[in-house]
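First the structure, in the form of structure tokens, and then the observations on it.
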Amino acid sequence: MAKAVRRALVAGNWKMNGATAQLKEVRLLAQMLEGVRLNCDVAVCPPFTLLSAVSRVAAKAGIATGAQDCHAEASGAFTGDVAAEMVKDCGASLVIVGHSERRTLHGETDAVVKAKADAAHRAGLTAIVCLGETLEERKAGRTLDVVSRQLEGSLPSVALPADTVIAYEPVWAIGTGLTPTLKEVAEVHGHLRAELARIAGGQRSRGLRLLYGGSVKPANAAELMAAGDVDGALVGGASLKASDFLGIIKAYM
Ligand code: PGA
């Protein structure tokens, strides 16, 4: 399946940023996208506290919403956690699982990430499964081994183009302003595409979208999005301001 056949996705991950005042950025984005013919899907993943409110504003503009994490169980004594079903109930259609900040700061293993991705599917959500190597792993020449292991361990039991997206985010590129070269991006994405065929089966895997994430900005988006096997972006810092986020979405206008 040619890259053009996979509809790109540009998703913003607000992380732990934004209170009610941040809603104005979604309203602005909605205004900016009005009447624009896009060649990609657009999504915003705010903190849980804003998920319902953002979903209401975004839905009118055809912008999808997602959470940044979910618990693997549907309910129970898990103080402070949020189930995938609750995310869905807020009007969201996506959930990010296995972001490197969750893997590092909350000790999430591949098995935990897989359980969360399965929970997303149980709730009727699309799972954005994140993976990526650390700087030490890259320097040691272990990048492809690391992402293979993460992909194999974190991929949900059934991964279909409609319900699963993979986001390659080198840990050393997140929030640092550093990005891999286009050749490095294409190498990892090409490898992941081949690994998906091996793990999930050829026909099915060809439709799965592979996003790149890590210091995507308006200035480098078009270039990064044109790299081999890149089907969109997962954007952190530059998704907080509508004008910056639009600058990235423009890669698909
Ligand atoms: P960044 O974050 O765009 O701020 O580097 C990306 C991410 O963590 O998803």
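The values are calculated or read from the model by the stated rules, or taken from the named source; none is laboratory data. Note that the structure is a prediction, hence the values are computed from the model and not measured. With ideal geometry, Cβ positions are generated from the backbone for all residues, glycine too; neighbour counts draw on all protein chains shown. These area figures cover heavy atoms from the full protein model, side chains too; ligands, DNA and RNA do not enter into them. Shrake-Rupley method; radii C 1.70, N 1.55, O 1.52, S 1.80 Å.
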Worksheet item: Hey, with R₀ at 45 Å, roughly what FRET efficiency would H106 and M253 work out to, going by the Cβ-Cβ distance, to 0.05?
Response: 0.80
Worksheet, complete the sentence: Once amide hydrogens are built 1.01 Å from N within the peptide plane, the residues lying 5 or more places from G132 or on another chain with amide H under 5 Å from its amide H are E169
Worksheet item: Given 4 °C and 1.567 mPa s, how large is the Stokes-Einstein diffusion coefficient of the stretch 1-141 in µm²/s, with Rh as the Kirkwood radius over Cα pairs?
Response: 80
Discussion item. Viscosity 1.567 mPa s, temperature 4 °C: what is the translational diffusion coefficient of the stretch 15-82 from Stokes-Einstein with a Kirkwood Rh over Cα pairs, rounded to a whole number of µm²/s?
Written reply: 98
Item to complete: Rank by packing, highest mean first: peptides 100-109, 223-232, with packing defined as the count of other Cβ atoms within 10 Å averaged across residues.
Response: 223-232, 100-109
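Take a quick pass over the stretch 22-138 and tell me how many lysine pairs come in under 22 angstrom between Cα atoms, counting only ones 8 or more apart or on separate chains.
On the way: K24/K60; K60/K88; K88/K114; K88/K116.
Qualifying lysine pairs in the stretch 22-138: 4.
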Practice prompt. At 7 Å along the Cα-to-beta-carbon direction for both M16 and L178, put a label point, then send me their distance in nm to one decimal.
Written response: 2.4
Worksheet, complete the sentence: In Å, the C-alpha Rg and Dmax of the stretch 129-212 are 12.5, 36
Worksheet item: In whole percent, what relative contact order does the chain give with Cα contacts below 8 Å and a gap of six or more residues?
Response: 21
Discussion item. For the pair S52/T79, report the inter-label distance in nm, with labels modelled 7 Å from Cα in the Cβ direction.
Written reply: 2.3
Worksheet item: Residue by residue through the stretch 67-73, which ³J(HN,Hα) values in whole Hz follow from phi under the Karplus form 6.51 cos²θ - 1.76 cosθ + 1.60 (θ = phi - 60°), with glycine and proline marked x?
Response: 8, 9, 5, 8, 8, 6, 8
Worksheet, complete the sentence: Out of P161, L9, L29 - ranked by how far each Cα lies towards the positive end of the dipole of the chain, with unit charges on the beta-carbon of charged residues - the top one is L29
Worksheet item: For the stretch 41-147, what is the accessible area per residue in Å² when the probe is 1.4 Å?
Response: 43
Response to the item:
From most to least accessible, 1.4 Å probe, no ligand or DNA/RNA atoms counted, C70, C90 line up as C90, C70
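Heavy atoms only, probe 1.4 Å: what % of the accessible area of the stretch 97-186 goes to carbon and sulfur, would you let me know?
Answer for the stretch 97-186: carbon and sulfur cover 59 percent of the accessible area.
Can you give me the Kirkwood hydrodynamic radius for the chain, using every pair of distinct Cα atoms, in Å to one decimal?
Computed over the chain, the radius equals 17.9 Å.
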Worksheet item: Can you list the residues, at least 5 places off or on another chain, whose amide H is less than 5 Å from the amide H of R209, using H built in the peptide plane?
Response: I166
Item to complete: Any aspartates and glutamates with Cα under 15 Å of the K139 Cα? List them, leaving off those in the same chain fewer than 8 positions away.
Response: E184
